[in-house]
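The values are calculated or read from the model by the stated rules, or taken from the named source; none is laboratory data. Note that this is a predicted model, so its numbers are computed, not measured. We place every Cβ from the backbone using ideal geometry, glycine too, and count neighbours over all the protein chains shown.
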Amino acid sequence: MDLTYTSEQQAFRQQARSWLESNVPAEPLASFDTADGFEQHRKWEQKLNAGGWAMVPWPVEYGGRGSDLIEWLIFEEEYYRSGAPGRVNQNGIFLLGPTIMEYGTDEQKARYLPKMASSEEVWAQGWSEPNAGSDMAAIQATAVRDGDHYILNGQKTWASRGAYADWLFGMFRTDPDTERHRGITFVLVPLDTPGVTVRPIEQLDGEAGFAEVFLDDARVPVSNRLGEENKGWNVAMSTAGFERGLMLRSPARFQNTARKLVALYRDTVANGEVEPLLRDAVVRSWMDAEAYTLNTYQTVTRLLQGGKIGSEASINKIFWSELDVHMHETALALLGARGELLPEAPGATGVGDWLDGYLFSLSGPIYAGTNEIQRNVIAERILNLPRK
Amino acid sequence: MEFAFSEDQELLRSTVRDFLAGEAPVKIIRELWETDSGRSRQLWSSLAEVGLPGLLVPEDRGGLAMDEIDLVLLLEESGRAALAEPLISTAAVAAPMIRDLGGALADAWLEKIAGGDAIVAVGHPVNRFTSDAHVADLLLLEANGEIHAVDPSAATLIHQPANDPARRIFSIEWKPSAASCVASGAEARRELDAAIDRGALACAAQAIGVGQRLVEMAVAYATERHQFGVPIGSFQAIKHALANVQVAIEYAQPVVYRAAHSVATHGRCRSVDVSMAKRAACSAAEQAARTALQVHGAIGYTWEQDLHVWMRRAWSLAGAWGNGAWHSARVASALFEGTAPTETFGYSAPTV
């Protein structure tokens, strides 16, 4: 066990820090769930990519830096510390990208990864359907082979970033005689394909963060298939593992929130208006953010030693999503009467992000598989409790 | 950066797990409840053969010269076995304290500790009562900020029967003297501070083992117990409760391991790291106890069922060497008075 950074890792941190200090936009960008904000974020991603920082753990030929996962964690720490914009292409770089790395052909890696790193192509995820949410294996959208193409029909919903994204990844039933997890294929769909209709949905915060996607005889080449035909469930579980377990929510995000919460508590105390009971809630938030970080470093060490992410991703997903809610609830309680103010309210100066963050945190226990589903996974696959 | 145990460390852990399963099954633990001392000198000698009491003792004193990173996994196993022998006071707290103080004290006691021939009880102000003073060959007691080495025959012990029948705790009446003083001033302060961290870390490690064992017992019961024609473990109400405990344990474990690293390497955030570990591990173990009892239902509420062996251990560990509130307060003051690290692993600025 060695819990110190090597001099190379420290140099890497310094390099990332310097680049971010000179390049992070001084003014915050508009939300990436608005048309303007989306393009602003795409431009930022292009800058990040030009600097070689878009996805540091990827091989250089795909737009990465060839870093290991420890360096990726360090980069994430510096990224959040610098106050850099949120990652508009997170469905691509954090979820689909690693899945392509695992299941894609060399041609697919070369075709998709560099444009993902540069955000020339921004990805939406197409997990849910109207009748397949927690019960993901109940999907009904179909892909029927027609020569070198699949003809797609059906409906995806709650497609995050769907409103403005360029591409969508999702599962389609390729074998109509099968049920549940079999006969499903993982397909990559350009959203400008004829027959694809995107209808944005306003989220709880009033912005079009997700969308319904209707597929009506949309034709995509067979080369857009990721993994084998009818084996798409395994591919999707790999994507979900990254989503729940490691990449989507790096510890830096929560450490950063915890640090801001500690600062908010100090400011509140300085203004003499703090409720003493909130002190422990702040301490717990900070300790839990540390625990999440430590757990992640342990996971990354295991991965570097050749291990894989399995069902324990479900444990992570519960922990980070509940931590995020708890931190934001605590912040709003500290803000007292200011907790209900929208960012544009004159009284919300400097603290307007907390309400937005709170609303977003509430989606955490729902997306990437509800926490109830994660608890089932833990009980059945880790504790080996009986399914029936 | 490598946050994992070595193969040797894992091997030693599994050796100790097997050893304890053979030498200290729950039957023995419960038989010891009924004895006067509650302790077994024979069991202690066996533990010494594996090297446990002298794990932190230098090699030239007959010890294994290992550190807290090695020790923490073995303490976890002792918690899994609900072992009540005084490993925390003797191996985790007294041995390194005596090693650090050196001199005649070290000459007199280190070899005996490593050989299993001496048990040491530690009376520290953070603990109102002193555990295992009745079987101790040496008492290390605090008075007025000093540490005194006291012969048990020079002290009067008042037994305080406790909820955990395996726990033996005492009030001690004794008189400090110039002759008994082994450390004072800054040296005593440093050792007393270190003792809290060593004791709390050891409790946290045991609590992890206790929590894991409680979950295993609850899972086994929920799998075999049928109601409404199915195993009760197939109900989501049971699954989710146990999953929640598993989450708590999984997230306490790395915090405990980091604290072990901080103690072993004298990290500058040692106390904060240990306090986080103590609170996380003990609260996970308490949650495990409460949940395992609920999963067992009425049978878990009986004296006969073994569940309460670990439940009571979870509770007594939670209170020893600073309870959750004490440790949270210690983290809070570091956090709000600015001494806590702003980055994990105490990283402050690149030293390139």
Subject >> Single match in A:Phe360, A:Phe319 (criterion: of a type in the set (Phe, Trp, Tyr) and either in contact with a Cys (Cβ under 6 Å, 6 or more places away or on another chain) or at the interface with chain B (Cβ under 9 Å from one of its Cβ atoms) (or both)) >> reply: A:Phe319
Original post:
Is it the case that A:Ser134 is touching a residue at least 24 places away in the same chain (Cβ under 8 Å) and closer than 25 Å to A:Glu120 by Cα?
Top reply: no
Subject >> The lone exception for A:Ala110 - which of (1) in contact with a strand residue (DSSP E or B) (Cβ under 9 Å, 6 or more places away or on another chain); (2) part of a helix (DSSP H, G or I) it fails >> reply: (1)
Original post:
For segment A:263-279, what are the residues that are at the interface with chain B (Cβ under 8 Å from one of its Cβ atoms) and surrounded by 17 or more Cβ atoms within 10 Å (Cβ to Cβ)?
Top reply: A:Tyr265, A:Arg279
Original post:
All but one of (1) modelled with pLDDT of 95 or more; (2) farther than 20 Å from A:Gly206 by Cβ; (3) more than 19 Å from the chain's Cα centre (by Cα) hold for A:Pro365; which doesn't?
Top reply: (3)
**OP:** Scan segment B:60-95 residue by residue and report those that are in a loop (DSSP other than H, G, I, E, B) and under 14 Å from the mean Cα position of the chain (by Cα).
**Re:** B:Ala81, B:Ala82, B:Leu83, B:Ala84, B:Glu85, B:Pro86
Subject >> Number of the exception - B:Ile28 against (1) in contact (Cβ under 8 Å) with a residue 24 or more places away in the chain; (2) part of a helix (DSSP H, G or I); (3) surrounded by 13 or more Cβ atoms within 10 Å (Cβ to Cβ) >> reply: (1)
Original post:
Yes or no: B:Ala252 touching a helix residue (DSSP H, G or I) at 6+ places or on another chain (Cβ under 6 Å), more than 9 Å from chain A (Cβ to nearest Cβ) and on the phi < 0 side of the Ramachandran plot?
Top reply: no
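The rows are residues; the columns are (1) touching a residue at least 24 places away in the same chain (Cβ under 8 Å); (2) away from chain A (no Cβ under 13 Å).
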site: B:Gly209; (1), (2): yes, yes
site: B:Leu214; (1), (2): yes, no
site: B:Ala241; (1), (2): yes, no
site: B:Val245; (1), (2): yes, no
site: B:Arg270; (1), (2): yes, no
site: B:Asp273; (1), (2): no, no
**OP:** Go through B:Ala205, B:Ala220, B:Ala237, B:Ala243 for me and flag whichever is farther than 13 Å from A:Leu385 by Cβ and small (Gly, Ala, Ser).
**Re:** B:Ala205
Subject >> Hits in segment A:13-35 (condition: without any contact (Cβ under 8 Å) to a residue 12 or more places away in the chain and within 21 Å of the chain's Cα centre (by Cα)) >> reply: A:Ala30
**OP:** From the list A:Ala159, A:Ala137, pick out the single residue that is in a strand (DSSP E or B) and either farther than 25 Å from A:Leu113 by Cβ or among the small types (Gly, Ala, Ser) (or both).
**Re:** A:Ala159
Subject >> Of all residues in segment A:52-94 being among the β-branched types (Val, Ile, Thr) and outside any loop (DSSP other than H, G, I, E, B), the one that is nearest to A:Glu121 (Cα to Cα) >> reply: A:Ile93
Subject >> Boolean, B:Ile196 is under 16 Å from the mean Cα position of the chain (by Cα), farther than 22 Å from A:Asp2 by Cα and touching a residue at least 60 places away in the same chain (Cβ under 8 Å) >> reply: yes
Subject >> Only one of B:Val247, B:Val215 that is in contact with a Leu (Cβ under 9 Å, 6 or more places away or on another chain) and of a type in the set (A, V, I, L, M, F, W, C) >> reply: B:Val215
Original post:
Can you name the residue in segment A:292-309 that is surrounded by fewer than 22 Cβ atoms within 10 Å (Cβ to Cβ) and not hydrophobic (A, V, I, L, M, F, W, C) and, of all such residues, is farthest from the other protein chains (Cβ to nearest Cβ)?
Top reply: A:Lys308
Original post:
Only one residue in B:Gly233, B:Gly267 is on the phi < 0 side of the Ramachandran plot and at pLDDT below 95, so which one is that?
Top reply: B:Gly267
Original post:
Is segment A:333-346 home to any residue that is surrounded by fewer than 23 Cβ atoms within 10 Å (Cβ to Cβ) and either at the interface with chain B (Cβ under 7 Å from one of its Cβ atoms) or touching a residue at least 60 places away in the same chain (Cβ under 8 Å) (or both)?
Top reply: yes
Subject >> Residues that are in a helix (DSSP H, G or I), more than 14 Å from chain A (Cβ to nearest Cβ) and either more than 19 Å from B:Leu75 (Cβ to Cβ) or of a type in the set (Gly, Ala, Ser) (or both), drawn from segment B:1-25 >> reply: B:Ser14, B:Ala21, B:Gly22
Subject >> Selected residue (criterion: surrounded by the fewest Cβ atoms within 10 Å (Cβ to Cβ)) from residues of segment A:13-52 that are of a type in the set (Asp, Glu) and farther than 27 Å from A:Ser67 by Cα >> reply: A:Glu27
Original post:
Across segment B:31-55, which residue is surrounded by the fewest Cβ atoms within 10 Å (Cβ to Cβ) among those that are touching a residue at least 12 places away in the same chain (Cβ under 8 Å) and among the polar types (S, T, N, Q)?
Top reply: B:Ser37
